[in-house]
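Report on one structure; see the data block that follows.
Just so you know, all these numbers are worked out from the coordinates, no wet-lab data involved. On a predicted model such as this, the values are computed, not experimentally measured, just so you know. With ideal geometry, Cβ positions are generated from the backbone for all residues, glycine too; neighbour counts draw on all protein chains shown.
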Amino acid sequence: MKISNEVRIGIIFVATLAIFIWGLNYLKGLNIIKKSNSYYAIYDNIGGLTVSNPIIVSGYQVGQVENISFTNEHKLLVKIHIQKDFNIPLGSIAKVYSSDLMGSKAIEIIPSQNENLHKEGDTLSSSIEQELIEQISDGVFPIKNKAENIMTKFDSLLTVLTSTKSKYFIGNSLSNIHSTTESLNRAFVDLESLVRNLNRNNEKINSILSNLKNVSDSIAMSEIKETIANANKSLFQIDSLLNKVNNGEGSIGKLINNDSLYINLENASMNLNLLLEDVKKNPKRYVSISLFGGGKNKE
């Protein structure tokens, strides 16, 4: 059977069209050859989700968004295609989230632990991830609050620094720092000058030290050494003498350490006092005896 050119052209056109449709869907992430199941999810807001956005499970794409339409309640009905070999447990959640930093959207299927499975055409539970800007505004991340606190403190610091009193203190402090720096510079200059003078007079200093050493050696070799030795010898003899006196040795030791001498001296002193008192009371008795004793003997 001979095929006409028109039939051939038609077959080629249909095949080309089929390949084009298949390639276009493949580029969108949908394999029309591979079987898939359709599910639905209803949202109040999809945050920029569009048709052909991917369906993700644990970071792996298992399908894509097929259609988005409004319901009678003015909500958004999203139809999704998911590979037939992936089963969705009852209670799983279809969450719209940002898949990259550019804000591209995707739906993540969060499987539940339920053993029962959704049937094709079921409506899944839905949720939407809060936008990063909304999270910052709502205080989920404390960046905004911290930035506001920092700006408030920085503004207060600027107010304090720009006040007249602060300017005076800052200027005074800078002036003191400048004065201190100048004093340190002068001290370093003086120290450097002192070091230079020491270096220039190094020979003289060495000569003076050598002379002092010679004088010290001369003193050590002079009679001062013998005098000090004699003084030490005399001190030793005095110490020996004092030890003997304390021990009662010799006449001085006996006089100092013998109690009988003290007692005799005390008794003699007492008798002398009594005699003086009797002389004061009876002077005639002692005068007649001493002066006229011979006359009485003649009578």
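What distance in nm separates the simple spin-label points at Lys213 and Phe13, each placed 7 Å from Cα in the Cβ direction?
12.3
Along the Cα→Cβ direction, 7 angstrom out, place labels at Ile150 and Arg186. What is the inter-label distance in nm?
If labels sit at Ile150 and Arg186, their model points lie 4.5 nm apart.
How long is the gain from Val51 to Leu235 if the chain were fully straight, where each residue apart is worth 0.36 nm and the alpha carbon distance is subtracted?
54.1 nm
Just grab the label-to-label distance for Gln61 and Phe86, each label 7 Å out from Cα along the Cβ direction, in nm (one decimal).
Inter-label distance under the simple model: 1.1 nm.
Between Thr71 and Arg285, what length in nm is gained on full extension when 0.36 nm per residue of separation is reduced by their alpha carbon distance?
Fully extending the segment from Thr71 to Arg285 adds 60.6 nm.
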